[in-house]
1. Please compute the modelled spin-label separation between V283 and V264, points set 7 Å along Cα→Cβ, answer in nm with one decimal.
2. If each residue's Cβ is checked for other Cβ atoms within 10 Å, how do L384, L254 rank with the fewest at the top?
3. Under 20 Å from a point 7 Å along the Cα-to-Cβ line of S422: which residues of segment 371-399 have their amide N that close?
4. Mind checking the full-extension length gain between W381 and R357? Use 0.36 nm per residue of separation minus the Cα-Cα distance, one decimal, nm.
5. Decide, for segment 152-426, between rounded, prolate and oblate: order the square roots of the alpha carbon gyration tensor eigenvalues as a ≥ b ≥ c, take rounded if a/c falls under 1.5, and otherwise choose prolate if a/b is larger than b/c, else oblate.
6. Within 10 Å of each residue's Cβ, count the other Cβ atoms and sort H331, H371 from fewest upward.
7. Only counting other Cβ atoms within 10 Å, I'd like E404, E207 sorted with the fewest neighbours first.
8. Just list whichever of K150/K215; K274/K400; K215/K400; K215/K339; K157/K215; K215/K274 have alpha carbons separated by over 24 Å in the model shown.
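Bear in mind these aren't lab numbers, they're just calculated from the coordinates by the rules spelled out. Note that the coordinates shown come from a computational prediction; the quantities given were computed from them, not determined experimentally. With ideal geometry, Cβ positions are generated from the backbone for all residues, glycine too; neighbour counts draw on all protein chains shown.
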Amino acid sequence: MAGAGRGRIYTQALELLKQSSKEWRSRCLEAEFDRINRRASWLNNSCRSWVDLNPRTQESLAGAGLRNFHTRVGLSQRAFIEGLRAPEAAARSNGLNKSKFSRFSRDVTSAIVSQGGTVTGKSAASGVVTKGSFAWKFGLLSQSLSHYGKCYFDLSKARLSSFVVLSAAVGYWVGSEEIVDWAGLGWTSVGTMLCAASANSFNQLLEIANDARMKRTMRRPLPSGRIGVPHALAFAVTCGVTGVTLLASKTNALTAELGAANIVLYTLVYTPLKQLHFINTWVGAVVGAIPPLMGWAAAAGQIDAGGWVLASALYFWQLPHFMALAFFCRHDYAAGGYKMLSLLDASGRRTASCALRNCLYLLPLGFLAQHFGVTSGYFGWENLLLTSGIGAMATLFYLKPSPETARRLFRTSLIYLPFFMSAMVFHRVPRSSSRLESVEYAQQPRTECAPGDLDEEERPVTQSDYRTRNLHRPPIALISYAPFPFLPAPDY
């Protein structure tokens, strides 16, 4: 097979690398060889290519020029080989500007000199770097920081973790009083980010073999050999312990408990279930619904009805989102050995039905938020409009199950949630203005009295009074509750 042939070429090139390197036994190069050796072994076992190797690249890998390849893992094989042969042409073909080209040239020069070679021609523009000098050490340090920084970024799934932090921040904001504690919001965001990074890293540690078989995940740090298992484990544990400790010390115990529970649920329940039963999607939805509860608990010190409304929105939204994703990526999931509903549903009708059903569950959430005094009355109608959009795509997916309609639903779901959370933040009702007053009123002893016995000023304000008063206010009055401190609070 083509993959096996490429793997043999890669292995032969590694033997040349070992023979030609004079400084191979240094710690840095030895660790790098272990990573490359894992890549070659993985290529032979799975018959898959780490990158798409064309004939020119295969010839380059089989030549003596490969002996410096391991010192520049940040570039592809072809880009590095081209850089050794013609740095300026490589800079132009790879879109490197002047600053990046200088850094690239310095790294190439350092790599050649570190192997006992000499620098000639235009590749020596940055000067010969002597091994052991400050410039050599600085180049090695900057290269290591760049490499491991990218590995940590991929291990933590930083983009996904940022979305988790956003949902927690919305929970904190909506659950806050009139004045938002910015320091508390910042600590909550940092702690949530660390917990999410820990959970994602543990997930990748448990799924190395599965990720190596999937086209979508085969280039992650662990299956590609860019980082070792002990290193990744240390990163996951450090992030988890630091995140939970930070939440416990800077927010409250409830938030820290939710963060720790989410790491355990994601690592020990959701991840193994992915290879056992398709119910893992529903468990994963629970994991995704916990971050807004963490934000709410950090702001309010407890979880009340408003927090559950926001968590429900995250839960019901994830099901159509992931049902659509699992349908148009089902062949990839099958290759990875995961159990998904879409793999048991050849027609796609059950998958689409589940997506449509959970879209319908999103419809009343806006009015529930209004009922519990979390938002103003306009939010319910805005959510109805947003849900109609994602519901229309889910209906189209149900009527005509196909990868195209699944992609449309997936893209629409990416639009729905940011608008939902933005509208909830814009129309939020601070806890001090209605929710706390209604709780205090509910705890007061009840006495029998005629409606006219109390003056208007003496009668406690209930949630019904607040909602009735709010419905008769003009839309501009709602801006006073939006998070814009530079706007005045009009008196209506």
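1. Going from the V264 label point to the V283 one covers 1.4 nm.
2. Values: L384 16, L254 19.
Going from least to most buried by this count: L384, L254.
3. 375-393
4. Details: separation 24, 0.36 × 24 = 8.64 nm, distance 1.97 nm.
Length gained between W381 and R357: 6.7 nm.
5. Details: a/c = 2.24, a/b = 1.05, b/c = 2.13.
It comes out oblate by the Cα gyration axes.
6. H331, H371
7. Values: E404 11, E207 22.
Listed from fewest to most nearby Cβ atoms, that is E404, E207.
8. Details: K150/K215 19 Å; K274/K400 27 Å; K215/K400 27 Å; K215/K339 17 Å; K157/K215 17 Å; K215/K274 17 Å.
Flagged as over cut-off: K274/K400; K215/K400.
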